[in-house]
1. Cβ under 11 Å from Asn5's Cβ, Asn5 left aside: what net charge do those residues give with Lys, Arg +1 and Asp, Glu -1?
2. Which value in nm describes the separation of the simple spin-label points at Asn5 and Ser68, placed 7 Å from the Cα toward the beta carbon?
3. Arranged from highest to lowest average of other beta-carbon atoms within 10 Å per residue, in what order do the peptides 104-110, 6-12, 19-25 appear?
4. So, with +1 on the Cβ of K and R and -1 on the Cβ of D and E, and no other charges, what is the size of the charge dipole of the chain about its Cα centre, to the nearest 20 debye?
5. List the pairs from Lys54/Lys109; Lys62/Lys95; Lys51/Lys85; Lys12/Lys85; Lys38/Lys95; Lys62/Lys100 whose alpha-carbon separation is above 20 Å, in the order I gave them.
6. Between region 86-110 and region 36-54, what is the separation of their alpha carbon centroids in Å?
7. Would you mind checking region 90-110 for residues with the amide N under 15 Å from a putative spin-label position 7 Å along Cα→C-beta of Lys24?
8. For each of Phe65, Phe59, count neighbouring Cβ atoms within 10 Å of the residue's Cβ, then give the residues from fewest to most.
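Here, each number is a calculation from the coordinates, and none is a lab measurement. Please read all numbers here as calculations on a predicted model, not as lab measurements. Every residue, glycine as well, gets a Cβ built from its backbone with ideal geometry; the counts of neighbours run over all protein chains shown.
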Amino acid sequence: KWQRNYLLSDTKGLTITDQFQLQKAEAPNQLNFMTWGKPDISQAGEVIIEKEGKKLVLFYEKNQFQPSVDIVPQTDPRLMAVWGKEVYRLTLTAKQIIGKGKYVINISKR
């Protein structure tokens, strides 16, 4: 079972909470986010996403996750008209293999 909850607050931004209990954990869990702004993962515990003068920060528990970024080329003209030639996949990979737990991600303006 995997349950995701979203909470939007004027002061804290968006909080995403994942609670899970898996029958069997064979590989590290991964959380994926798609974004049109290039993620900066140089600072442990936060991801800065900036595009056209707007900046967001995604906060994660640095002891829980290792971030990575992949470029995803767009080939659909309809998507390219909105997202551009490429988007980015931000992946947070758990540092440990666990079958039961809770992850909390906060996203806010900076």
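1. +1
2. Distance between label points: 3.1 nm.
3. Numbers: 104-110: 14.6, 6-12: 8.4, 19-25: 11.3.
Averaged packing, sorted descending, gives the order 104-110, 19-25, 6-12.
4. On the way: 17 positive and 11 negative charges, 47 e Å.
Once rounded to the nearest 20, the dipole reads 220 debye.
5. In this structure, Lys12/Lys85; Lys38/Lys95 exceed 20 Å between Cα atoms.
6. 14
7. 98-99
8. Fewest to most other Cβ atoms nearby, the residues stand as Phe59, Phe65.
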